[in-house]
Amino acid sequence: MRAIGKGSLSSILAIGLHITRVVLWIILGAVTLALIILPFAPMIADLFMDSDAVIFDGDGVADAEDFIKVSSAFVTFAVMLFVVNRLLEILKALRFGSPFVKENADRFRGIGYALLMGEGAKFAFGFLALIYDADVELNMTFLSWLAIITVFVLAEVFREGARMKEEQDLTV
């Protein structure tokens with residue numbers, strides 16, 4: 001299978017990433033809406049629910065656990081959306097026949113920093129969960145850290161590839 005052109009792997013990946021981007025925008029919008037209405041959720045629930053139904057702790061206020069969960073989801077989906085957009089830009093450069101450009105190295109580095117910030121946010125949310133004694137499960141794995149390191153290595157590979165391509169273009 002070819003890397004570029006109609007029906008190539010990159011065009012199939014681009015279609016999948018475009019669909020993923022639309023889905024992520026929808027989810028991120030829903031999570032943002034949830035963050036906005038979370039402080040008012042108990043009052044809204046009281047309007048539509050039976051008075052005997054208990055959704056929250058009963059004090060009329062959304063608790064820290066709810067806020068941590070929704071905030072964590074917001075950060076997760078925002079990072080995912082950023083990564084998908086950078087991957088689409090990398091594929092665009094590939095389709096134009098020049099993957100080893102400085103911009104792609106910068107894009108990979110940006111992906112690495114975004115993933116790093118996402119994992120850092122997990123630590124922060126985990127710390128908040130400890131402070132507020134919230135039962136929040138945040139998936140922090142060694143594989144995530146390995147992926148971050150891999151992305152930074154790829155950034156350096158692309159940086160070196162761009163340097164070599166530039167050097168080759170200058171050679172007569």
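The values are calculated or read from the model by the stated rules, or taken from the named source; none is laboratory data. All values derive from a computational prediction rather than experimental measurement. Note: ideal-geometry Cβ built from the backbone for every residue, glycine included; neighbour counts use all protein chains shown. When the accessible area is computed, the model is the full protein with side chains, heavy atoms only, and any ligands, DNA or RNA have been set aside. Shrake-Rupley method; radii C 1.70, N 1.55, O 1.52, S 1.80 Å.
Descriptive notes on the structure:
- 1.4 Å probe accessible area per residue over the stretch 100-172, in Å²: 69
- Selection of chymotrypsin sites (Phe, Trp or Tyr not before Pro), the stretch 84-129, meeting DSSP coil and at most 15 other Cβ within 10 Å: 96
- Note on residue 12 and residue 166: their simple-model spin labels are 3.5 nm apart, each label 7 Å out from Cα toward Cβ.
- Base-10 log of normalised Debye intensity for the stretch 101-172 (one unit scatterer per alpha-carbon) at q = 0.15, 0.16, 0.28 Å⁻¹: -0.61, -0.65, -1.12
- Placing dummy labels 7 Å off each Cα toward the beta-carbon, the span from residue 89 to residue 26 is 2.6 nm.
- Share of carbon and sulfur in the accessible heavy-atom surface of the stretch 90-172 [1.4 Å probe, %]: 66
- Mean Cβ neighbour count within 10 Å, used as a protection proxy, ranking 147-159, 18-30 highest first: 147-159, 18-30
- Net charge, residue 79 excluded, C-beta distance under 14 Å - Lys, Arg +1, Asp, Glu -1: +2
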